[in-house]
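The values are calculated or read from the model by the stated rules, or taken from the named source; none is laboratory data. Remember, predicted model here, so these are calculated numbers, not experimental data. We place every Cβ from the backbone using ideal geometry, glycine too, and count neighbours over all the protein chains shown. Only protein heavy atoms, including side chains, enter the accessible area calculation; ligands, DNA and RNA are left aside. Shrake-Rupley method; radii C 1.70, N 1.55, O 1.52, S 1.80 Å.
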Amino acid sequence: MRAILDNTRRAPTEVDMLLLWSGLVLLLLGMVMVYSASIATAEGSRFTGHQPAYFLVRHGVFLTVGIVAAVVAFQVPLTAWQQWAPYLFMAGVLLLVVVLIPGLGRDVNGARRWLPLGPVNLQPSELMKLFAVLYAADYTVRKMPHMRDLKKAFLPMAAAMIFVGMLLLKEPDFGAFVVIISIAMGILFLGGLRARLFAVLIVVMLVAFAILIIVSPYRRERIFGFMDPWTDAFGRGYQLSHALIAFGRGELFGVGLGASVEKLFYLPEAHTDFLLAVIAEELGFAGVLLVVALFAVLVQRCFAIGRQCVTLDRLYPALVAMGVGIWLGVQSFINMGVNMGLLPTKGLTLPLMSFGGSGILANCIALAVLLRIDWENRQLMRGGKL
Amino acid sequence: MKPHKYTESPVLHLKLDAWRSRAIVVLLMAAMVSLVGRSFYLQVINNDFLQEKGESRYRRDIEVSASRGRITDRNGEVLAISTPMKSIWAIPSDVKLAPDQSRALAQLLDLEQRELNRKLATDRNFVFLQRQIPPDAADRIAALKLPGIHQEKEYRRYYPSGEMTAHIVGFTGVDAKGLEGVELAFQNQLEGKNGSRSVIKDRRGQIVEDVGSIKPPQDGRDIQLALDGKIQYLAFSTLKQTVTDNAAKAGSVVVLDAKSGEVLALANWPTYNPNNRERLSGAQLRNRAVTDTFEPGSTMKPFTAALALEKGKFRFDSLINTAPGKLTIGTATISDAHPHGVLTLAQVIQKSSNVGTAKVAGTFAPKEMWEMFDSVGFGKPPRLGFPGEVGGRLRPYAHWRPIEQATMSYGHGIAVSLVQMARAYSVFATDGELLPLSLTKLPPGPVTGTRIFSPQTVQEVRTMLEMATQPGGTAPKAQVPGYRVAGKTGTAYKIENGVYARKYVASFIGLAPASDPRLVVAVMIDEPSNGRHFGGDVAGPAFSRIMAGALRTLGVPHDAPLNSNLQVAQVVAEPEGM
């Protein structure tokens, strides 16, 4: 393990190039695929004014804003992030409350997830994922001396997360709920919360999910659609069946960029939640493999940087880095699993790739924070000071 | 691994367990690997099943419409042609129109906006908004880029010569199947075989790409009619004029090529515009020359004379006493319009004496007279191929009463169509052969018919018919300058509700040039009511004009001096028998 870490440490660069490039490739490939996936629907819709490049232009703007924000975020030392973390978290909670207020939040397809801000919509739950990482890491570091104390270490965080979770379920945004709970639990687990507690918690949560799913017809519908999309292929299983068809059509090397049929009004949400299906159809198994591999590299880099922090006794950056790894790993896994029919359908985008301003912005800042952590590590190892 | 216990130092105590992060990484990597496995299964192993599901959703076999064959006249002039048009259809659930879009669409579709909304307010997911609109209007609709509004290529049948050839050409329905006339008669040849192509369509019905092989459409065969456009025009316009001048109810003209049996012209009035068939009445639609029968009257007499000559019972100049212009058979009396006294057989025809003809017919056995009628095609359809062809009425001879046989000899108590009559006259135009009729152009070469009369008989009847158009005959107005014309007038009472009414059918059937007949022209005017009703006065001039023009069109050499028409002015037509 140490040898691997040493290896990366000896890289002559100022930043982790592997992390940087896999992030950039995902962002750029995402933009190309968003354009390809949206071109037909954009041209065919009066809502977009029949402009084929409607989503491309917006995605490009989001990327630009995201990269500018990332450059700014890179300048911010982790100590500052740690100081701001509780306030950012509170601001996030406030936004989640605001989005639920009728008249302020914007309703799309029965979900109130967006805050209209002039020409763009803000999706607080996307930003909340970043804030949850920053805050959970800060919380865990502060509580670390008491990690074996259930009352002190776990319950306050559990209370905060239950509150946030309820706000998210109110929207509803089940996907963000799962991701944020995973982040909080994961960081607590990394921080040393008792393993037995986790075993209990996992059981409790499974039961809770089961109840949620049984109680809510909206979620139950999605569950059954995922179990067998072909029994009700034109009803509940419609979206998934088309996603699976897209995978099947792609074969090894795809039907070619731009040649997807599924994106031609068959597959709903092709440029957002089901972008991977379009990638699978147009670029084939090879394209899917590339995307999965890039996310695996990202996750591996997050944890590698995190562990490097640990060796440098930088606990907060370590937990932030690993927290981002959990976030990107869990969200990309859920999104791709949904696309392939491994998991029940929920509204989660593919990080760094899917269309959506708030998501791209949050993802870019998260990568910048990671690069910053790595950069600070490198400075320290050269004997420099922060 | 357990937390470290070997130190009290808070810094060292706050160590993160490496196994925990490793566990999470392993978990996440395992998840990623499962994704790769699942993806491989879907894309490489199980892709047949998924592709099949996909094809069932967006692969469609669509028809490629073949174009229908053209119909042309004998010179290649187009009488019916299929032009590409567009049909506009909609998936109503996809259609969302702003008020101004709705207005624009309705206008381009030539629909009331209310009507458009009514068509769109359906539960079905396919509805035709308008069929067969011109391509430019369709292009403008396409330019509106309205969701849920789609187009399809169709063909529309166009008839350049319109009402002039309406009855002979007929028309097709909206599904491009022939409904009338040649369009129906030659449906099998004209209709193409639609091809098919397999395509992938997007959810809105637009074709994305072709898959598999394309079966090209086989276009229908062109049909070249025997019809001569110029003669048809002449026949039609003359007919129209004649019907109007005589305030008649209707009329028909048939022009046959006496050498081949080809139908060179066939016109009816009233007619209709096949390009715009709104408000069509049955009267306009009827192809009277083929579907309507009438009692021909005196035009039947030459057949009686021919049979008399053929059987050797009379000679050209056998004398027949028609005085006192009346003849009583049983309880019925037949009469001539003017008593004539003693006439030769030729004069009986020339002056159209009913009494004379009836006396001649009295010498026949009913069977031999029936056989003659049957052999020239009366009582059975002429088998032109037209829909609704009638055979007319020729009652079985076994039940003929003498008075019936007598009236039949001059064309009453027997009903025929004008086409049957024209064809029967072809016997006198050839040297005694009845030719099969043909609607389509025949290859050059002699046509063999069925021998009915001997050339000798035909020669003599033709002379009698020529006399009828000369001074002392019933139809000097049927003369054609520069040609010898042979023909016979007919003025028949119409039967209404089983009794003869004071309404007439005036007709003239003739052939020219008499020395070597090239054409048979039959003219029938139904209910002339402008003071004149005799065939020679009403149908004769029309015959003359049509025959003159047709002979000139065909470049038929003259067989008479051009000034022969000088006699016409001096001649007063002799009234004929019934």
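For every residue, the table says whether it meets (1) in a helix (DSSP H, G or I); (2) in contact with a His (Cβ under 7 Å, 6 or more places away or on another chain); (3) open to solvent by 30 Å² or more (accessible area, probe 1.4 Å).
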residue: A:Ile183; (1), (2), (3): yes, no, no
residue: A:Ile187; (1), (2), (3): yes, no, no
residue: A:Ala208; (1), (2), (3): yes, no, yes
residue: A:Ala246; (1), (2), (3): yes, no, no
residue: A:Tyr266; (1), (2), (3): no, yes, no
residue: A:Ala270; (1), (2), (3): no, no, no
residue: A:Ala277; (1), (2), (3): yes, no, no
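Looking only at segment B:276-290, which residues are out of contact with any Asp or Glu (no Cβ under 9 Å at 6 or more places or on another chain), touching a residue at least 40 places away in the same chain (Cβ under 8 Å) and over 20 Å from B:Phe508 (Cβ atoms)?
Selection gives B:Arg277 alone.
Can you pull out every residue in segment A:249-262 that is closer than 12 Å to B:Ser39 by Cβ and crowded, with 24+ Cβ neighbours inside 10 Å?
Across segment A:249-262, the qualifying residue is only A:Gly250.
Just give me the residues in segment A:117-150 being more than 16 Å from A:Val369 (Cα to Cα), in contact with a helix residue (DSSP H, G or I) (Cβ under 8 Å, 6 or more places away or on another chain), of a type in the set (A, V, I, L, M) and not in a loop (DSSP other than H, G, I, E, B), in sequence order.
A:Val120, A:Leu122, A:Val141, A:Met144, A:Leu150
Scan A:Val292, A:Val338, A:Val310 and give me the residue that is at pLDDT 95 or above and of a type in the set (Val, Ile, Thr).
Values: A:Val338 fails: at pLDDT 95 or above; A:Val310 fails: at pLDDT 95 or above.
Selected residue: A:Val292, the only one of A:Val292, A:Val338, A:Val310 that is at pLDDT 95 or above and of a type in the set (Val, Ile, Thr).
Go through segment A:343-386 and report how many residues are of a type in the set (Gly, Ala, Ser) and within 30 Å of A:Thr41 (Cα to Cα). Even if it seems obvious, please write down each step before you answer.
Step one: list which residues in segment A:343-386 are of a type in the set (Gly, Ala, Ser), which gives A:347, A:354, A:356-359, A:362, A:366, A:368, A:383-384.
From what's left, within 30 Å of A:Thr41 (Cα to Cα): A:347, A:354, A:356-359, A:362.
Summing the residues that are of a type in the set (Gly, Ala, Ser) and within 30 Å of A:Thr41 (Cα to Cα) in segment A:343-386 gives 7.
Within segment A:373-382, identify whether any single residue is assigned to a loop (DSSP other than H, G, I, E, B), without any contact (Cβ under 8 Å) to a residue 40 or more places away in the chain and more than 10 Å from chain B (Cβ to nearest Cβ), and answer yes or no. Talk me through it step by step, then tell me what you get.
Keep residues of segment A:373-382 that are assigned to a loop (DSSP other than H, G, I, E, B), which gives A:382.
Narrowing the set further to residues that are without any contact (Cβ under 8 Å) to a residue 40 or more places away in the chain leaves A:382.
Now restrict to residues that are more than 10 Å from chain B (Cβ to nearest Cβ): A:382.
Yes, some residue in segment A:373-382 is assigned to a loop (DSSP other than H, G, I, E, B), without any contact (Cβ under 8 Å) to a residue 40 or more places away in the chain and more than 10 Å from chain B (Cβ to nearest Cβ).
Return the total of residues in segment B:310-349 being in contact (Cβ under 8 Å) with a residue 60 or more places away in the chain and acidic (Asp, Glu).
So the count comes out to 2.
Yes/no matrix, rows are residues, columns are (1) among the polar types (S, T, N, Q); (2) in a helix (DSSP H, G or I):
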position: A:Ser22; (1), (2): yes, yes
position: A:Gly30; (1), (2): no, yes
position: A:Thr48; (1), (2): yes, no
position: A:Phe55; (1), (2): no, yes
position: A:Phe62; (1), (2): no, yes
position: A:Val76; (1), (2): no, no
position: A:Ala85; (1), (2): no, yes
position: A:Leu94; (1), (2): no, yes
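Look at segment A:65-105 and say how many of its residues are farther than 19 Å from A:Thr272 by Cβ and open to solvent by 30 Å² or more (accessible area, probe 1.4 Å). Full working, then the answer.
First, pick out the residues of segment A:65-105 that are farther than 19 Å from A:Thr272 by Cβ: A:67-98, A:100-104.
Still in the list and also open to solvent by 30 Å² or more (accessible area, probe 1.4 Å): A:67-68, A:71-72, A:74-75, A:77, A:79, A:82-84, A:86-88, A:90-91, A:94-95, A:97-98, A:100-104.
Of the residues in that region, 25 qualify.
Report whether or not A:Leu283 is under 24 Å from A:Ile39 (Cα atoms) and open to solvent by less than 10 Å² (accessible area, probe 1.4 Å).
No, not satisfied.
When only residues in segment B:60-104 that are of a type in the set (Lys, Arg) and touching a strand residue (DSSP E or B) at 6+ places or on another chain (Cβ under 6 Å) count, which is surrounded by the fewest Cβ atoms within 10 Å (Cβ to Cβ)?
Applying the first criterion (of a type in the set (Lys, Arg)) to segment B:60-104 yields B:60, B:68, B:70, B:74, B:86, B:96, B:103.
Keeping just the survivors that are touching a strand residue (DSSP E or B) at 6+ places or on another chain (Cβ under 6 Å) gives B:60, B:68, B:70, B:86.
Numbers: B:Arg60: 15, B:Arg68: 25, B:Arg70: 19, B:Lys86: 23.
Checking each candidate, the answer is B:Arg60.
If the requirement is being open to solvent by 40 Å² or more (accessible area, probe 1.4 Å), within 22 Å of A:Gly175 (Cα to Cα), at pLDDT below 85 and in a helix (DSSP H, G or I), which of these qualifies: A:Arg236, A:Arg220? Reasoning before the result, please.
Numbers: A:Arg236 fails: in a helix (DSSP H, G or I).
Testing whether each residue is open to solvent by 40 Å² or more (accessible area, probe 1.4 Å), within 22 Å of A:Gly175 (Cα to Cα), at pLDDT below 85 and in a helix (DSSP H, G or I) leaves just A:Arg220.
For segment A:223-233, which positions are of a type outside the set (Asp, Glu) and either open to solvent by 10 Å² or more (accessible area, probe 1.4 Å) or in a loop (DSSP other than H, G, I, E, B) (or both)?
Filtering segment A:223-233 for residues of a type outside the set (Asp, Glu) gives A:223-227, A:229-231, A:233.
Answer for segment A:223-233, where residues must be of a type outside the set (Asp, Glu) and either open to solvent by 10 Å² or more (accessible area, probe 1.4 Å) or in a loop (DSSP other than H, G, I, E, B) (or both): A:Ile223, A:Phe224, A:Phe226, A:Met227, A:Pro229, A:Trp230, A:Thr231, A:Ala233.
Could you list, in sequence order, all residues of segment B:323-350 that are modelled with pLDDT under 90 and closer than 19 Å to B:Leu307 by Cα?
Once the filter is applied, which keeps residues that are modelled with pLDDT under 90 and closer than 19 Å to B:Leu307 by Cα, segment B:323-350 yields nothing.
Output yes when any residue across segment B:297-309 is among the β-branched types (Val, Ile, Thr), under 23 Å from B:Gly535 (Cα atoms), open to solvent by less than 60 Å² (accessible area, probe 1.4 Å) and without any contact (Cβ under 8 Å) to a residue 60 or more places away in the chain, and no when none is. Steps first, please.
We begin by selecting, within segment B:297-309, every residue among the β-branched types (Val, Ile, Thr); these are B:299, B:304.
Now restrict to residues that are under 23 Å from B:Gly535 (Cα atoms): B:299, B:304.
Next, only the ones that are open to solvent by less than 60 Å² (accessible area, probe 1.4 Å) stay: B:299, B:304.
Next, only the ones that are without any contact (Cβ under 8 Å) to a residue 60 or more places away in the chain stay: none.
No, because not a single residue in segment B:297-309 is among the β-branched types (Val, Ile, Thr), under 23 Å from B:Gly535 (Cα atoms), open to solvent by less than 60 Å² (accessible area, probe 1.4 Å) and without any contact (Cβ under 8 Å) to a residue 60 or more places away in the chain.
Quick one: B:Gly297 ticks every box in (1) within 35 Å of the chain's Cα centre (by Cα); (2) modelled with pLDDT of 90 or more; (3) at negative phi bar one, so which box is it?
In the conditions (1) within 35 Å of the chain's Cα centre (by Cα); (2) modelled with pLDDT of 90 or more; (3) at negative phi, B:Gly297 misses (3) alone.
Given the criterion of a type in the set (Val, Ile, Thr), closer than 30 Å to B:Tyr58 by Cβ and part of a strand (DSSP E or B), identify the matching residue among B:Val174, B:Val208. Break it down into steps so the answer makes sense when it comes.
Working: B:Val174 fails: part of a strand (DSSP E or B).
None of the other options fit; the residue is B:Val208.
Could you tell me which of the residues A:Leu315, A:Leu319, A:Leu264 is in contact with a strand residue (DSSP E or B) (Cβ under 8 Å, 6 or more places away or on another chain), touching a residue at least 12 places away in the same chain (Cβ under 8 Å) and at the interface with chain B (Cβ under 10 Å from one of its Cβ atoms)? Even if it seems obvious, please write down each step before you answer.
Numbers: A:Leu315 fails: in contact with a strand residue (DSSP E or B) (Cβ under 8 Å, 6 or more places away or on another chain); A:Leu319 fails: in contact with a strand residue (DSSP E or B) (Cβ under 8 Å, 6 or more places away or on another chain).
A:Leu264 is the lone residue from the list that is in contact with a strand residue (DSSP E or B) (Cβ under 8 Å, 6 or more places away or on another chain), touching a residue at least 12 places away in the same chain (Cβ under 8 Å) and at the interface with chain B (Cβ under 10 Å from one of its Cβ atoms).
How do the pairs read when you match residues in segment A:42-60 that are without any contact (Cβ under 8 Å) to a residue 12 or more places away in the chain and within 11 Å of chain B (Cβ to nearest Cβ) with residues anywhere that are open to solvent by 50 Å² or more (accessible area, probe 1.4 Å) and in a helix (DSSP H, G or I), using Cβ under 7 Å and keeping only pairs 6 or more apart or on different chains?
Going by the 7 Å Cβ cut-off, the qualifying pairs are A:His50/A:Glu43.
Which of the residues belonging to segment A:111-139 are open to solvent by 20 Å² or more (accessible area, probe 1.4 Å) and either within 23 Å of A:Phe154 (Cβ to Cβ) or free of Cβ contacts under 8 Å to residues at least 60 places away in the same chain (or both)?
Once the filter is applied, which keeps residues that are open to solvent by 20 Å² or more (accessible area, probe 1.4 Å) and either within 23 Å of A:Phe154 (Cβ to Cβ) or free of Cβ contacts under 8 Å to residues at least 60 places away in the same chain (or both), segment A:111-139 yields A:Arg112, A:Trp114, A:Pro116, A:Leu117, A:Gly118, A:Pro119, A:Phe131, A:Tyr135.
Out of curiosity, is B:Ser196 in contact (Cβ under 8 Å) with a residue 40 or more places away in the chain, open to solvent by 10 Å² or more (accessible area, probe 1.4 Å) and within 25 Å of B:Leu437 (Cβ to Cβ)?
Judged against the criteria, B:Ser196 is not a match.
Working only within segment A:322-332, note down all residues that are at the interface with chain B (Cβ under 10 Å from one of its Cβ atoms) and either out of contact with any Gly (no Cβ under 8 Å at 6 or more places or on another chain) or of a type in the set (A, V, I, L, M, F, W, C) (or both). Please lay out each step first, then the result.
Pass one, segment A:322-332, residues at the interface with chain B (Cβ under 10 Å from one of its Cβ atoms): A:322, A:325-326, A:328-330, A:332.
Passing the criteria: A:Met322, A:Ile326, A:Leu328, A:Gly329, A:Val330, A:Ser332.
Kindly indicate whether any position in segment B:45-61 is touching a residue at least 40 places away in the same chain (Cβ under 8 Å), in contact with a Leu (Cβ under 9 Å, 6 or more places away or on another chain) and more than 11 Å from chain A (Cβ to nearest Cβ).
No, because not a single residue in segment B:45-61 is touching a residue at least 40 places away in the same chain (Cβ under 8 Å), in contact with a Leu (Cβ under 9 Å, 6 or more places away or on another chain) and more than 11 Å from chain A (Cβ to nearest Cβ).
Picking from B:Leu116, B:Leu129, B:Leu146, B:Leu184, which residue would you name as being more than 15 Å from the chain's Cα centre (by Cα), outside any strand (DSSP E or B), surrounded by 14 or more Cβ atoms within 10 Å (Cβ to Cβ) and away from every other protein chain (no Cβ under 14 Å)? Don't jump to the end; show me each part of the working.
Details: B:Leu129 fails: outside any strand (DSSP E or B); B:Leu146 fails: away from every other protein chain (no Cβ under 14 Å); B:Leu184 fails: more than 15 Å from the chain's Cα centre (by Cα).
Matching residue, one of B:Leu116, B:Leu129, B:Leu146, B:Leu184: B:Leu116.
A:Cys309 passes all but one of (1) open to solvent by less than 10 Å² (accessible area, probe 1.4 Å); (2) of a type outside the set (D, E, K, R); (3) in a helix (DSSP H, G or I); (4) more than 10 Å from every other protein chain (Cβ to nearest Cβ); which number fails?
(4)
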